[in-house]
Amino acid sequence: MSRPLRIHIIGSTGSGKTYLGQVLSEKLNIKFYELDTVMWSSRVEFSGKNPPDVRDKLLHKIIDNDSWIVEGVYYKWLSDSFSRADVIYYLDTNVLIRHFRIIMRFVKQRIGSERSIYKQTLRGLIEMLIWNHKFNSTNRKEICSFLSPYKDKVIILKTNRQMISLLNEGSEIP
């Protein structure tokens, strides 16, 4: 495969999507987008989702471009992104690693050393950990099923070592 210009990264909270997206963006000089900014309204705290028509317009402002990197846990409304992507990285990392990363992100955002697009609360942290813990038995199966039409361009990464190996491959990134 030639160098991908349109990359979709999907995985649970804490799987490493944002990190991988940012590093690929810098390495490949392709603009990076977090799908949380498409899904959630910046005018309403965490619980305020954009209406589907607004969300879809925001998504198409991104994927109608020649190159992009998007990342998020979402999938049900992203068929256009998956079909346009040159490659889809599915980060299927260990749940305990994801829990650790979620807690560390919470701490960093609470002390102000990392930005957040929504207000962090202890209740939100607990809900996120519960949701993340259930991810493998619920969303993971749905995501795999949803991605099956795109299986020729899906690359599953299960460990940090696989992600680092991918990033070290330079311009030969599949």
Among (1) β-branched (Val, Ile, Thr); (2) more than 24 Å from Asn50 (Cα to Cα); (3) in contact with a helix residue (DSSP H, G or I) (Cβ under 6 Å, 6 or more places away or on another chain), the one test that Ile69 misses: (2)
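Which fully enclosed strands (runs of 3 or more DSSP E) of the stretch 1-99 have 2 or more residues being closer than 20 Å to Ser165 by Cα?
Numbers: elements: 6-11, 32-34, 68-72, 87-91.
The strands (runs of 3 or more DSSP E) meeting that bar are 6-11, 68-72, 87-91.
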Testing Pro52 on (1) open to solvent by less than 70 Å² (accessible area, probe 1.4 Å); (2) more than 23 Å from Asn132 (Cα to Cα); (3) at pLDDT below 95, one condition comes back false. Which one is that? (1)
Please give the number of the condition Asn65 fails out of (1) under 26 Å from Lys134 (Cα atoms); (2) open to solvent by 10 Å² or more (accessible area, probe 1.4 Å). (1)
Could you pull out the residue among Glu127, Glu71 that is open to solvent by 70 Å² or more (accessible area, probe 1.4 Å), within 19 Å of the chain's Cα centre (by Cα) and of a type in the set (D, E, K, R)? Glu127
Does Asn65 satisfy being of a type in the set (S, T, N, Q) and at pLDDT 95 or above? yes
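Kindly evaluate Asn136 against the criterion of being closer than 16 Å to Ile10 by Cα, open to solvent by 40 Å² or more (accessible area, probe 1.4 Å), touching a residue at least 24 places away in the same chain (Cβ under 8 Å) and within 17 Å of the chain's Cα centre (by Cα). Break it down stepwise before answering.
Numbers: closer than 16 Å to Ile10 by Cα: yes; open to solvent by 40 Å² or more (accessible area, probe 1.4 Å): yes; touching a residue at least 24 places away in the same chain (Cβ under 8 Å): yes; within 17 Å of the chain's Cα centre (by Cα): yes.
Yes; evaluated as a whole, the condition is true for this residue.
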Determine if the stretch 111-122 includes at least one residue that is open to solvent by less than 70 Å² (accessible area, probe 1.4 Å), modelled with pLDDT under 95 and either under 24 Å from Val154 (Cα atoms) or aliphatic (A, V, I, L, M) (or both). no
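The values are calculated or read from the model by the stated rules, or taken from the named source; none is laboratory data. The structure presented is a predicted model; accordingly, all values stated were derived computationally and were not measured. For neighbour counting, all protein chains shown are included, and Cβ atoms are generated from backbone atoms with ideal geometry for every residue, glycine included. For accessibility, only protein heavy atoms count, side chains too; no ligands or nucleic acids. Shrake-Rupley method; radii C 1.70, N 1.55, O 1.52, S 1.80 Å.
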